[in-house]
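Since every read-out is calculated from the coordinates, none of them should be taken as a lab result. Predicted model, so just to flag it, every value in this text is computed and none were measured. For neighbour counting, all protein chains shown are included, and Cβ atoms are generated from backbone atoms with ideal geometry for every residue, glycine included.
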Amino acid sequence: MTSDQLITEFETFQGELKSFLLRMTASVQDAEDILQDTYVKAHTKIDSFRGEASLKTWIFSIASNLSGAAELQLHHLEHNRQIMEKYLGETG
């Protein structure tokens, strides 16, 4: 698959992917960021696409993984904030 083919295919389901990410993140900004990150990752890893599943399925998997990583990062940030508040005695 070429970069041009990826662009063409990605554009056909980009709206659906953004909706999927919005449901996963509940944030327009996060969904848009992950959408862009998904495209970049798919573009850089296109040589690893084996065609065992559809390109759409492969890209949605990338997006899902990136979304999960973003959620985990937010969880860690919130946890760290709570620890800092506890030890520093701050309330906000």
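Checking every one of the trypsin sites (Lys or Arg not before Pro) in the range 1-50 against DSSP loop status and a limit of 14 other Cβ atoms within 10 Å picks out Lys45, Arg50.
Evaluate the Kirkwood expression for the hydrodynamic radius of the chain, namely the inverse of the mean inverse distance over all pairs of different C-alpha atoms, and round to one decimal in Å.
Computed over Cα pairs of the chain, the Kirkwood hydrodynamic radius comes out at 14.7 Å.
Relative to the longest principal axis of the Cα atoms of the chain, the long axis of helix 28-44 makes an angle of roughly 50 degrees.
So what is the calculated 222 nm ellipticity per residue for the chain, using -39500 (n - 2.57) for each DSSP H run with n of 4 or more, over all residues, to the nearest 500 deg cm²/dmol? Each step should come with its number before you reach the end.
Numbers: 3 runs with 74 residues, N = 92.
Helices in the chain give a 222 nm mean residue ellipticity of -28500 deg cm²/dmol.
In a DSSP loop and with at most 10 other Cβ atoms within 10 Å, the GluC sites (Glu not before Pro) in the range 3-92 are Glu52, Glu90.
Ordering Phe20, Thr8, Val40 by the projection of their Cα atoms onto the charge dipole of the chain, which places +1 on the Cβ of Lys and Arg and -1 on the Cβ of Asp and Glu, puts Phe20 at the extreme positive end.
Just to confirm a number: summing +1 for Lys and Arg and -1 for Asp and Glu over residues other than Leu6 whose beta-carbon lies under 14 angstrom from that of Leu6, what do you get? Don't jump to the answer; show the numbers that get you there.
Numbers: positive: Lys41, Lys45, Lys56; negative: Asp4, Glu9, Glu11, Asp47.
Residues near Leu6 contribute -1 overall.
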